[in-house]
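Novice: First, the structure itself, so that you have it in front of you.
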Amino acid sequence: MFCYQCEQTYRSDEGAGCAGAKGMCGKDATTADLQDILLYVCEGVGQYLHRARLLGATDIEADRFILFAFFTTLTNVNFNAAKFVELIQQASQIRDRAKALYEDAARAAGKSPETLSGPASFAPASDMAGLSAQASEAAVRKDAAILGEDAVGARALILYGLKGVCAYAHHARVLGEERDAIYATVEHALDMLAREERDVATLLDEALALGRANFLAMEALDAANTGAFGAPTPTNVRVTPIKGKAILVSGHDLKDLHAILEATKDKGINVYTHGEMLPAHSYPKLKAYPHLAGNYGGAWQEQQKEFAEFPGPIVMTSNCLIEPQPRYRGRIFTAGPVGWAGVRHIADENFAIVAQAAQALPGFTEDAPEKTITIGFGREAVLGVADKVIDAVKSGAIRHFFLVGGCDGAAPGRNYYTDFADEAPKDTVILTLGCGKYRFNKHDFGTIGGLPRLLDMGQCNDAYSALVVATKLAEAFGVGVNELPLSLIVSWFEQKAAAVLLTLLALGVRNVRIGPTLPAFLTPALVDVLVQKFGVQPIGDAKSDIAASLARA
Ligand code: FS2
Ligand code: SF4
């Protein structure tokens, strides 16, 4: 195995990347190799779909499969090797279908179809042992000696950005929002990876195209979530347990949460959110369920302790899963793209089994003293008070906005974000989103101009909301987004964050500070492009970065 897709990848003086028997996340070598093969076969699907599309023929089921397949390979999503054997066989069949689609379309247009090589003609073995023996053919750095390190790094940026786009687009799709332009970009990127493009400028252009597609994916997801459940509104969420039976729901999938709320309605079971599911409490049609009782625990990396202590079943609807421990392995369930060998998987939103498990478990035996936090500052809520915000900026009451957001992780150095939020001067507003906020979202930041100083905009994908707010404020002030008194301080961990970064770059947002470390797959020359062309900066010391941001404004 070799994997260097996430921030917690193994690093040493010799270089970075998880290799050997297991990655830092717990992904074993067999699963990692099978994930590479799945993505490689998907590149073959993309080769045919891309060409078929140019001839006017599309296969939306194949596109949907690609979204799901890519999502399973994100960090902390699916660790079940057997699932990947199944997905590879499915991908191979879909590739045959895409090939027929392309060849028929070519013949109908009076052209002779191309004979494609590489992933299009790769023949995956039918079992795990056979596939494992083929791993080197699909490895992420297989052509490093031919392509060169900079091209390999830029290709990795595309591959991992693509994973983020696919994850967001999948979440939107399950709620009925799809964008054909996203599928076209995904197919184009897969074809580019398949044909071993090595020109770094071309590859970086493709990465920016993915950034634009990711903006569409986040827009589609915003439309999906708000269309299904209403626009988030400021909401006080209880963060302490209530006596009674309980289910904990983690991950990002609001549709699954909704299905769980339905399956537990009037059954005397309280549903708690965990991690990135916290923003669910701010959606009117979800908070209307009285048994959506509160939020429990913090960010994903605390789950082994928190899940062990939770007195009911737990459902993981998306990342971030880490190895279920014996104390709760029998009462954790996976759904959607998530998987772990031996852990029960819920197919077709059949959450009745989770409700039964909750009835059989003790639940909380007493009420904890009530404590709440305020969330729900999505784009509508913030723009609803835009006049107040603009007046406060004009009067000098608000001096600067910091968006301190993104993914969290267990690595040292992530206290920077807490320090940053805590040290930000009292006349500044902190916007936050993603799971990184758990490090500081229970701190008291006070208010400013009648608004809370900490505005929680939601999940990592709600970077869309932040971009809409920034764009509207820029319009109101008659300046560009880069001229606003706004600094972006991003914590990255996995591939959705890589996609969001590409979106920011594609939209021309400059001077983004990123940390706690830079992606290991970026070579010094690629980092230099990001620094020179886009003003991307690695994080430094919180106090100095605050001072530098305020001095620039
Ligand atoms: Fe956090 Fe994990 Fe949200 Fe990331 S729960 S690091 O997948 O997407 O953020
Ligand atoms: Fe390592 Fe991250 Fe890959 Fe896991 S996902 S194997 S931690 S680089």
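Novice: Look through the stretch 321-350, keep the residues that are assigned to a loop (DSSP other than H, G, I, E, B) and of a type in the set (S, T, N, Q), and return whichever of them is surrounded by the most Cβ atoms within 10 Å (Cβ to Cβ). Steps first, answer last, please.
Specialist: Residues of the stretch 321-350 that are assigned to a loop (DSSP other than H, G, I, E, B), as a first pass: 321-325, 330-331, 336-338, 340-343, 347-350.
Next cut, of a type in the set (S, T, N, Q) only: 325, 350.
Details: Gln325: 13, Asn350: 11.
Looking at the filtered set, the residue picked out is Gln325.
Novice: While we're on this one: Just to be sure, is Asp33 within 17 Å of Ala194 (Cβ to Cβ) and surrounded by 24 or more Cβ atoms within 10 Å (Cβ to Cβ)? Even if it seems obvious, please write down each step before you answer.
Specialist: Details: within 17 Å of Ala194 (Cβ to Cβ): no; surrounded by 24 or more Cβ atoms within 10 Å (Cβ to Cβ): yes.
Spelling it out, it is not the case that Asp33 is within 17 Å of Ala194 (Cβ to Cβ) and surrounded by 24 or more Cβ atoms within 10 Å (Cβ to Cβ).
Novice: Looking at the stretch 283-304, which of its residues are modelled with pLDDT under 95 and not in a helix (DSSP H, G or I)?
Specialist: Of everything in the stretch 283-304, those that are modelled with pLDDT under 95 and not in a helix (DSSP H, G or I) turn out to be Gly298, Ala299.
Novice: Count, please, the residues in the stretch 414-439 that happen to be within 15 Å of ligand 1 (Cβ to nearest atom) and either surrounded by fewer than 24 Cβ atoms within 10 Å (Cβ to Cβ) or farther than 19 Å from His281 by Cα (or both). Spell out how you get there, then give the answer.
Specialist: Going through the stretch 414-439, the residues within 15 Å of ligand 1 (Cβ to nearest atom) turn out to be 414, 417, 432-439.
Narrowing further to those that are either surrounded by fewer than 24 Cβ atoms within 10 Å (Cβ to Cβ) or farther than 19 Å from His281 by Cα (or both): 414, 417, 438-439.
Number satisfying all stated conditions: 4.
Novice: Please give the number of the condition Lys394 fails out of (1) within 30 Å of Ile489 (Cα to Cα); (2) in a strand (DSSP E or B).
Specialist: For Lys394, the failing item is (2).
Novice: Among the listed residues Leu216, Leu204, identify the single one that is over 27 Å from Tyr283 (Cα atoms) and either of a type in the set (Lys, Arg) or assigned to a helix (DSSP H, G or I) (or both).
Specialist: Numbers: Leu216 fails: over 27 Å from Tyr283 (Cα atoms).
Result: Leu204 is the single residue among Leu216, Leu204 that is over 27 Å from Tyr283 (Cα atoms) and either of a type in the set (Lys, Arg) or assigned to a helix (DSSP H, G or I) (or both).
Novice: Determine whether the stretch 355-365 contains at least one residue that is more than 16 Å from ligand 2 (Cβ to nearest atom), touching a helix residue (DSSP H, G or I) at 6+ places or on another chain (Cβ under 9 Å), at pLDDT 95 or above and of a type outside the set (D, E, K, R). Reasoning before the result, please.
Specialist: In the first step, residues of the stretch 355-365 are kept if they are more than 16 Å from ligand 2 (Cβ to nearest atom); the result is 355-365.
Right, trim to touching a helix residue (DSSP H, G or I) at 6+ places or on another chain (Cβ under 9 Å) and you get 355.
After this cut, where a residue has to be at pLDDT 95 or above as well, the list is 355.
Those left that are additionally of a type outside the set (D, E, K, R): 355.
Yes, the stretch 355-365 contains a residue that is more than 16 Å from ligand 2 (Cβ to nearest atom), touching a helix residue (DSSP H, G or I) at 6+ places or on another chain (Cβ under 9 Å), at pLDDT 95 or above and of a type outside the set (D, E, K, R).
Novice: Would it be correct to say that Gln47 is within 16 Å of ligand 1 (Cβ to nearest atom) and crowded, with 24+ Cβ neighbours inside 10 Å? Show your work before the answer.
Specialist: On the way: within 16 Å of ligand 1 (Cβ to nearest atom): no; crowded, with 24+ Cβ neighbours inside 10 Å: yes.
Judged against the criteria, Gln47 is not a match.
Novice: Also, I was wondering about something else. Hey, can you tell me all the residues within the stretch 25-69 that are without any contact (Cβ under 8 Å) to a residue 60 or more places away in the chain and of a type in the set (D, E, K, R)?
Specialist: Hits for the stretch 25-69 are Lys27, Asp28, Asp59, Glu61.
The values are calculated or read from the model by the stated rules, or taken from the named source; none is laboratory data. Quick caveat, the model's predicted, so the values are computed rather than measured. For neighbour counting, all protein chains shown are included, and Cβ atoms are generated from backbone atoms with ideal geometry for every residue, glycine included.
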